[in-house]
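Only one structure is covered here, and it is reproduced in the block below.
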């Protein structure tokens, strides 16, 4: 009963690929968004904060539908992407990564923002009196000090991406080999008669991956802590 | 040399200062907390932008409101030792020291490490250092960035009172051996007397006075600012002998010889002596049998009366000396301007900690 079928391995691989890309692309954006929210004071700060946190409170289906309207082949952004770069995201694994990334973004930003707020700005001022420009200060002082927060946020976002269901199925559907990630595969198995064994296998694997991610983050955080 | 003329407004607070600091010596910015001292040095460092005015360091304009010049802190070449050290917690001492390192044949890494006794600390983390060690690292880090000017904002404030004396000799070395130009913020009179040559007195954001330490410390009108309790004349003196049998140092100054109980000082050492006004008594006529070793004849040049039952009397004994006596004594002895009398200073009353070599000690002659 524990032998994985080709379809199941494919779902696992796809899930990891989607979640990794979602995290890779959203970390730099998250670092920037967290910096804006933590350090900049401007008109519309609360609005931006609200927009970034929207995926946390919006039903995933609503978000998936919004993405479809926006990024579908006929959507304003989707049409632009296709016309200029020849890229299609709707109903592809890239779309699945976008859906996961958007859903996980607030968790990522919250974690990084917290660590920004814990960085003593007086250390950054001290670095500047020692001849470091803004970029060097960010690279050598701020970034190392928020690294544990980035790591925590990235792991959280990765785990959240692995579990993404509602927005994904609405935006990119449930196409085997293209957009059928683990949760979608489990859903499909549960829906089909005699799929319970396969569903249980995938559930156990999901749990194992999530647990491995947590353990890895603990380990990395401890290593960072020693270094930092 | 630093030339500064700035005005700055934040809310209700108005800061107004204009002074020059001579090169190769320490200028103290002195005042109570809230007087605007830290704001002022932050402006010199470029961390706060003044509302108007200019700051010029060794001929380089760092800030000029009319010419719209505002050099960012990283290009000012001004070292800054902060009150709390501000070492980078994610780096060891060596990496902290090398953070802003600019090569300089005079301020070379090994030499600074020896000067500040940093060798044993190099591999340690800032959170394992004591307050004094942390400040030594902070001083070394600022020096290694090869600054034209060093700002020190109450560098002893975060250190236990008992251990402050361990840091002072290191700061004296910067002044005497490295000839650093230093702007030193403090609200402690004794630190200023021991370290600085020039002082700027700030009071509620306004510059109350600027001038030599000895001159300003002897001004009666500044006593409310220089500290009522600690107030007193500051004399420049040279050690000319030491009486080992009785443990007395003999210090010659413009008004004669002062004998002070304390540890041996090398002959020829220039020292600055702080004689608190409350340790000086006055006497009409010739004192005969008395336990007081230091007796100086002088003329009353100024009397400052306050609401309190005390008055401060400034005498000219060849250099200024200040005595704090009661109003009753003043009336009983009929002390007026121009009267000649004797001032008595107990040899044991003088704070031995103030008997340290001053800047002048390292200068020939």
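The values are calculated or read from the model by the stated rules, or taken from the named source; none is laboratory data. All of these numbers come straight from a predicted model, not from anything done at the bench. Here the Cβ positions follow ideal geometry from the backbone for every residue, glycine too, while neighbour counts run over all protein chains shown.
What to note about this one:
- Filtered residues of the stretch A:132-154 (kept if under 21 Å from residue B:45 (Cβ atoms) and surrounded by 21 or more Cβ atoms within 10 Å (Cβ to Cβ)): A:132, A:141, A:142
- Count - residues of the stretch B:35-63 that are buried (at least 16 other Cβ atoms within 10 Å of the Cβ), more than 21 Å from residue B:12 (Cβ to Cβ) and more than 13 Å from chain A (Cβ to nearest Cβ): 5
- Counted residues, the stretch B:1-17 - those being under 27 Å from residue B:172 (Cα atoms) and either surrounded by 21 or more Cβ atoms within 10 Å (Cβ to Cβ) or at pLDDT 95 or above (or both): 3
- Here residue A:129 fulfils each of the conditions (1) surrounded by fewer than 18 Cβ atoms within 10 Å (Cβ to Cβ); (2) touching a strand residue (DSSP E or B) at 6+ places or on another chain (Cβ under 7 Å) apart from (1).
- Qualifying residue in the stretch B:285-292 (condition: closer than 19 Å to residue B:235 by Cβ, in a strand (DSSP E or B), touching a residue at least 12 places away in the same chain (Cβ under 8 Å) and outside the structural domain of residue B:176 (by TED's automatic domain parsing)): no
- Residue satisfying condition, being exposed (fewer than 12 other Cβ atoms within 10 Å of the Cβ) and either in contact with a helix residue (DSSP H, G or I) (Cβ under 7 Å, 6 or more places away or on another chain) or part of a helix (DSSP H, G or I) (or both), within set A:46, A:34, A:38: A:46
- Filtered residue count, the stretch B:144-185, keeping only those that are on the phi > 0 side of the Ramachandran plot and in contact with a strand residue (DSSP E or B) (Cβ under 6 Å, 6 or more places away or on another chain): 1
Conditions tested, residue by residue: (1) out of contact with any strand residue (DSSP E or B) (no Cβ under 8 Å at 6 or more places or on another chain); (2) at pLDDT 90 or above.
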residue	(1), (2)
B:283	no, no
B:289	yes, no
B:304	no, no
B:308	yes, no
B:321	no, yes
B:348	no, no
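- Criterion violated by residue B:72 - all others in (1) touching a strand residue (DSSP E or B) at 6+ places or on another chain (Cβ under 7 Å); (2) modelled with pLDDT of 90 or more satisfied: (1)
- The condition (being more than 28 Å from residue B:275 (Cα to Cα), in contact (Cβ under 8 Å) with a residue 40 or more places away in the chain and either in contact with a strand residue (DSSP E or B) (Cβ under 7 Å, 6 or more places away or on another chain) or in the same structural domain as residue B:25 (by TED's automatic domain parsing) (or both)) is satisfied by just one residue among B:205, B:132: B:205.
- Checklist (1) closer than 30 Å to residue B:133 by Cα; (2) surrounded by fewer than 19 Cβ atoms within 10 Å (Cβ to Cβ) applied to residue B:183, failing item: (2)
- Pick from the stretch B:102-122, criterion within 14 Å of another protein chain (Cβ to nearest Cβ) and surrounded by fewer than 16 Cβ atoms within 10 Å (Cβ to Cβ), ranking: modelled with the lowest pLDDT: B:104
- Subset of the stretch B:66-93 [more than 8 Å from every other protein chain (Cβ to nearest Cβ), surrounded by fewer than 16 Cβ atoms within 10 Å (Cβ to Cβ) and not in a strand (DSSP E or B)]: B:66, B:67, B:68
- Residue A:56 being at pLDDT 90 or above, surrounded by fewer than 16 Cβ atoms within 10 Å (Cβ to Cβ) and either within 12 Å of the chain's Cα centre (by Cα) or in a helix (DSSP H, G or I) (or both): yes
- Note on the stretch B:317-339: residues that are in a strand (DSSP E or B) and loosely packed, with under 15 Cβ neighbours inside 10 Å total 1.
- The criterion of at least 2 residues that are within 14 Å of chain B (Cβ to nearest Cβ) is met, among helices (runs of 4 or more DSSP H) falling completely within the stretch A:110-222, by A:121-129, A:134-137, A:143-162.
- Scope the stretch B:201-218; condition more than 10 Å from the chain's Cα centre (by Cα) and buried (at least 21 other Cβ atoms within 10 Å of the Cβ); matching residues: B:201, B:202, B:205, B:216, B:217, B:218
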